[in-house]
1. Taking a probe of 1.4 Å, how large is the accessible area per residue of the chain, in Å²?
2. Which of the peptides 65-74, 42-51, 22-31 is most tightly packed, and how do the rest follow, judged by the mean count of other Cβ atoms within 10 Å per residue?
3. Ignoring ligands, DNA and RNA, what percent of the accessible area of the chain is carbon or sulfur (1.4 Å)?
4. For region 93-158, compute Rh as the Kirkwood radius over C-alpha pairs and then the Stokes-Einstein diffusion coefficient at 37 °C and 0.692 mPa s; write the answer in µm²/s, rounded to an integer.
5. Could you check which residue among A11, A143, A20 shows the biggest mean-square fluctuation in a GNM of the chain with a 10 Å Cα cutoff?
6. Keeping all protein chains in the complex and leaving out DNA, RNA and ligands, what accessible area do you get for T40 with a 1.4 Å probe, in Å² to the nearest 10?
7. What percent of all Cα-Cα pairs in the chain falls in each 5 Å bin, counting up from 0?
8. I'd like the GluC sites (Glu not before Pro) in region 116-157 restricted to DSSP loop residues with at most 14 other Cβ atoms within 10 Å, sorted by number.
Amino acid sequence: MYEVTVTSPEATMALGQQLAPNLQPRDVILLDGDLGAGKTTFTKGLAAGLGITRNVKSPTFTIIREYQGGRIPLYHMDVYRLEEGGGDELGLDEYFNGDGVNVVEWSKFIADELPEDYLRIVFKRDDEAGENQRTLRFEPRGAHFEKLVKQLEDGTNE
């Protein structure tokens, strides 16, 4: 596990951008935390780090947004609206076993659909410390993601 505190949206984006070069097709990144905690901002950084130039928007109402044009595709999912179920009907396996990086916001609503290995990032607002201060806790599951988190912690890319 690795924790880092950021104090601006730009720093949140920079973390996503720093992680992106080490991502591979079929990687699953789970982003969990309160509304407005920085999940989509982090995803914007990931997209930039993958070379995607399209504007990244929250997929709250569309559930899944697909971004092409970078090193590998980015599949950005907001499954908050699946609180009552229905994740099994989205064909998530096709995304998780596909050609791109999968970013899933509100992953608890599709816990049964998740692959065995993933990187979970928990976003916690620290409003008392400052309006934009957030703590991000990286929780890797599987050797590949443990390596990614170690590279992030060390500030290295391979």
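1. 51 Å²
2. 42-51, 22-31, 65-74
3. Numbers: 3430 of 8010 Å².
That fraction is 43 percent.
4. So the translational diffusion coefficient is about 236 µm²/s.
5. It is A143.
6. Result for T40: roughly 30 Å² accessible.
7. 2, 10, 20, 24, 22, 15, 6, 2, 0
8. Here the GluC sites (Glu not before Pro) that fit, given the DSSP loop and packing criteria, are E116, E128, E131.
The values are calculated or read from the model by the stated rules, or taken from the named source; none is laboratory data. All values derive from a computational prediction rather than experimental measurement. All Cβ positions, glycine included, derive from the backbone under ideal geometry; neighbour counts span all protein chains shown. Note: areas computed on protein heavy atoms with side chains; ligands, DNA, RNA excluded. Shrake-Rupley method; radii C 1.70, N 1.55, O 1.52, S 1.80 Å.
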